[in-house]
Every structure is written in structure tokens, then in C-alpha cells.
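The values are calculated or read from the model by the stated rules, or taken from the named source; none is laboratory data. Predicted, not measured: the structure shown is a model, and the values here were computed from it. No Cβ is skipped: glycine too gets one built from the backbone with ideal geometry, and neighbour counts run over all protein chains shown. To get the accessible areas, we keep the full protein, side chains included, count just its heavy atoms, and leave off ligands, DNA and RNA. Shrake-Rupley method; radii C 1.70, N 1.55, O 1.52, S 1.80 Å.
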Amino acid sequence: MFGADRYGLSGAIGHDAGGVLMDVAALIYAGEQTSTPWRFRLDELAWRDMVDMLKGDDLPFVGLWCDGADVHALFLPDGHPLAATLALEGGRYPALSPARVAASLYERAIYDLFGAEAMWAVDVRPLLDHDVWSAAPPLCAAPGRGGQRKGLVAFQPSDAMAAAKGRVEERGPATGDLAPPFYTRLVLSGTLVANAETQTGYAHRGIAARSRHTRVEDVCRLSSRVAAGSSVAHQVAFCQAVENACNAQVGAEVALLRVTLLEMERLFQHLYTLAGMARLAGAQLVASHCMALREKLVAEAAPITGSRLLMDVCIPGGLSVRDATQMGDLCARMYELGQKAYPQLVLLWREYPGLSALLGRVGRIQADDLERVGLDGPVARAAGWDCDGRRIMPAYDGLWRYTSGRQNGTAEDRALLLLDEMEESLRMLDLASARIGLNAGGTVPLSMQDGEGTGLVEGPWGGVLYWVRLAHGRVAEAFCRKPETSALLVFEQALPNHAAEDAALLACSLGMNAAALDG
């Protein structure tokens, strides 16, 4: 996760005031200590030095966010949080995107929400507010009058896209199916895509605003609705962040029960993704088998967990499932159901006429390109990048083993990896079923003291991280890193040289989720 096995801090080297060699992490550690042990305040010159040094340093970047007064950049050296904070000066700050391309999406969102401008940013187009909000920027101290646009939102291309020549095709934002609204513009050269750009923001729900100065339990409930298919991952990551801010730790059985919920969710989402890929590839029979197995598993889990979508199953300090005493039996039943259907599903997938050949031509992506934009998870593992956040989660000890073996990074590799991971999830549920007792795990009371904490979880599509600041018993600020942000960049970069009709299949194989991206 976030380059979990490439955390070495060798790279660009700078000097401190005494001429001593230092890297980016050392530069941040040399800043002013805040009340949070892993967050340091830099002045503008040090922040600029950090940006310059990051161009040659492999320090894993997690995300960038604003609280109205400061901007914060979070990194993960050796799997531990390290944050740099800079005070806004006249509502501006030096951009991070020249050194970390994924930061461009965060910078655009920060401007839309807070009006804080990233100087020298690589992309200054709106991301969320396309001049239609009633107040803008809504989270600044004194929001002004919103945009004056009426009717449909206009597409705002980059300079390169505006200059591109060729036949133009458009996808979305309204498609008529169940997918969230999302716009893609394609410029074609013959039958292949030459240039492509997207526009998001249509599914914005104001999650950042709704998470500020709010009760912890309300933000927890909100976290389960950020990304359909990754509800448990968001809840567990948020709960871990709150628990770490309170210097509390849940018991071993609660941690194990959370693992079982995470693996159930992985099964559900992988089957949903495989069904979508098969349907888009014209393999309706395969898609129906995937959805039939998913429905059997969901129907088995819902009466015990209390939610078909696994929403509202975690709370800070514990769980909130309907009947935790039955979780061990549920794991055993899901393993039995899965083992009966899984071999036939794999055989059908591998032998369905033309499916493998079609998927093998779509979306070949190199591991280095994924690492550059910070997209981990199954997309990266299918390209040969050894990354999986479950490696650093203690609750997985004795359960998890690495699933790998794919190297080519095509849609077919991603599909086969999802099938492999399903088998592993079933195996882990079987092992966990014998370890789960009948005392429902218990709940740890939390003091809700003022402080900051992070939580990190491997979701179905990769790393989900929450940073939370608690104040006066409430969530003062919250930031979420989700893989959908990086997936958008990969999608845009991978589209050229594909047929226009493959765009939806490529997006599905990468885990694109416009609603999760828009927040």
C-alpha cells in the first residue's frame, strides 16, 4: 500500500542550515513540532525546498488537504504517518503537484472548497464546482456568491485538449445506467483515442463540509457512504483514526471481526466488478454467474451484519453488527457456499469464448506508471507491484498470504487477480471462523480527548486512509485518501490508443467510482 515495499528514503538530497545532507523526511522532521508527534510545521521556504526535493525522492505521498488556515501534506515513510503543515499566506501556498502529480486533484478540490490557490500548480481547472454552486468557496471563512451558470455544466478542457484535432466523442455524464454521473471527452484519430479528458463533480455530496465540527458517530456513519463497495474499509479506517487519536486500541476479537467484514466486502465487490467487466465484454453468462454467487453471499450475510451493503457495521471502539455472536458461523457458511461455486466460476471465466483475448487487449499499464500516481491495490498487484496493506495490519497475522503472479497489467490480469483474491478471502474466512468466540468482541470506551490520528486499511481497490482531528469531543476536521483519486489519473493516461467503446470496460477494470472521487 502506497509503495509498502519501497519505503526507502534514499533519493533527492538537500542540506540543512549547517550544510548537513538531508532527505525530504529529514527536512520535515526539522520543522517546528506540533502537538501531534508526526506532524511538523514548515515555513514557506522549507515547503518549497520540500517540493523541489520530492521530484527526486521516493517518499510515498498520501494526500493533501486544507482546513481553512493551513494546508497539510501527508506521507508514509516505513508505513508510519509523517505530515508537513504550512500556513496559508494570502490564501495561497506553493503547489505540490509539480513533484507529485496526484496532488493536482487535491489542489483543485482545495481551491473549489476553500478558495486556497496552489501557486505553480500543473492544473488549475475546477474539479468539483463548475460555476453552479450557490455559495463559493463554501468552506472558506466568508463564502461569496456562487456562479451564475444555468442549465448544464460546460466542459472546461485543458489547453492540450482544446488544441487536439480529430473527431470528438462524449460519454456521460448521464448514461441511464446505475453508474454515478461522470463525463469523458475523447478525441479520435481514426478508430482509436488520441486524447482524452474527464470532468467530475456531478456526484459531489459535500462530505468534507458534513464531516467538520460534527459528532464522531455521525462522521462514522457518513464514512460508510463515501464509496459503494468499500463501505467497511472506510468505516474501519475512520474508526482506527479515532482510536489512535484517543490512544486506544480495540481487543483482538474486535480486530478479527473487522477483518472478516473486510474480506466479506472484498468478495462482494470483486464479484460485482467481475460481473461488470464480463457484461461490458459481452459475456452475459459469466456476468450472471458472478452476480448469482454474490447474491447468495450477500443474502447469507445481511441478517447477521444488518446491512446488505455492510454499512454501519463499525463504530469507534467496537462493532455495530446485528448479531456478532453469529459471525463465526457466518464465516463458515460463506466459505462453504463460495467453495461450491468458485471452481465452476473460474472455469467458465477462463474458457468463455473470446473473453480472455478481449480483456488481454485492454488497459495494459506498467507498475512504474501506477507508482508514479500512487495507485496501489489489485490494479498495481496485477502489474507486478508487490503491495498489499494487509501486510502491515496486525489482525491479519496468521490469516493473510500474499496473492500475486500477474505481471502484464492488462484488464485480463486484473480480472484473474480478483478471482485469485476471492479464493484467498474465502480461505481467510474459513480460518477466522474457528477463532471467533461468542462474546461479540466487546467495545472499548473512548475518552474522545483532543488529538489527531490516522487509520489505514486495504480496501477492495487499495489503500483507504483517514486522518482525523478531534476537538471538544467532536470531529473538527477529517481527510480521506481513497484509491479512486489516483484511478482517475490512470484512466485518463491509459485511454489513448484504445477504441472508444472500450472506455467503460477500462474504467470498470480500474475501479473508477465517480461518486467516491467527488466526495
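Here is a check on your reading of the model: is Asp159 under 26 Å from Ala275 (Cα atoms), exposed (fewer than 14 other Cβ atoms within 10 Å of the Cβ) and not small (Gly, Ala, Ser)?
So Asp159 does not fit the description; no.
Among the residues of the stretch 283-298, what is the count of those that are open to solvent by 50 Å² or more (accessible area, probe 1.4 Å) and either in contact with a helix residue (DSSP H, G or I) (Cβ under 6 Å, 6 or more places away or on another chain) or within 18 Å of Thr325 (Cα to Cα) (or both)?
Within the stretch 283-298, residues that are open to solvent by 50 Å² or more (accessible area, probe 1.4 Å) and either in contact with a helix residue (DSSP H, G or I) (Cβ under 6 Å, 6 or more places away or on another chain) or within 18 Å of Thr325 (Cα to Cα) (or both) number 3.
So is Trp385 among the aromatic types (Phe, Trp, Tyr), surrounded by 16 or more Cβ atoms within 10 Å (Cβ to Cβ) and closer than 28 Å to Gln249 by Cβ or not?
The answer is no for Trp385.
When you scan the stretch 46-58, do you find a residue that is under 22 Å from Ser104 (Cα atoms), modelled with pLDDT of 95 or more and in a strand (DSSP E or B), even just one?
Within the stretch 46-58 (the criterion being under 22 Å from Ser104 (Cα atoms), modelled with pLDDT of 95 or more and in a strand (DSSP E or B)), the answer is no, since none of the residues qualifies.
Mind checking which residues of the stretch 300-336 are closer than 20 Å to Arg427 by Cα and open to solvent by 50 Å² or more (accessible area, probe 1.4 Å)?
The answer is Glu300, Gln326, Asp329, Arg333, Tyr335, Glu336.
Given the criterion assigned to a helix (DSSP H, G or I) and without any contact (Cβ under 8 Å) to a residue 60 or more places away in the chain, identify the matching residue among Glu492, Glu484, Glu501.
Going through Glu492, Glu484, Glu501 in turn, the sole match is Glu501.
So, in the stretch 201-223, exactly how many residues are open to solvent by less than 50 Å² (accessible area, probe 1.4 Å), of a type outside the set (A, V, I, L, M), out of contact with any Asp or Glu (no Cβ under 9 Å at 6 or more places or on another chain) and not in a loop (DSSP other than H, G, I, E, B)?
2
Going by the structure shown, is Arg391 farther than 23 Å from Ala494 by Cα, assigned to a helix (DSSP H, G or I) and under 21 Å from the mean Cα position of the chain (by Cα)?
yes
Restricting attention to the stretch 103-127, which residues are assigned to a loop (DSSP other than H, G, I, E, B) and open to solvent by 10 Å² or more (accessible area, probe 1.4 Å)?
Of everything in the stretch 103-127, those that are assigned to a loop (DSSP other than H, G, I, E, B) and open to solvent by 10 Å² or more (accessible area, probe 1.4 Å) turn out to be Gly115, Trp120, Ala121, Val122, Asp123, Val124, Arg125, Pro126, Leu127.
Need the failing condition index for Trp400 against (1) in a loop (DSSP other than H, G, I, E, B); (2) in contact with a helix residue (DSSP H, G or I) (Cβ under 6 Å, 6 or more places away or on another chain); (3) over 27 Å from Ile315 (Cβ atoms), just the number.
Only one criterion in (1) in a loop (DSSP other than H, G, I, E, B); (2) in contact with a helix residue (DSSP H, G or I) (Cβ under 6 Å, 6 or more places away or on another chain); (3) over 27 Å from Ile315 (Cβ atoms) is unmet by Trp400, namely (3).
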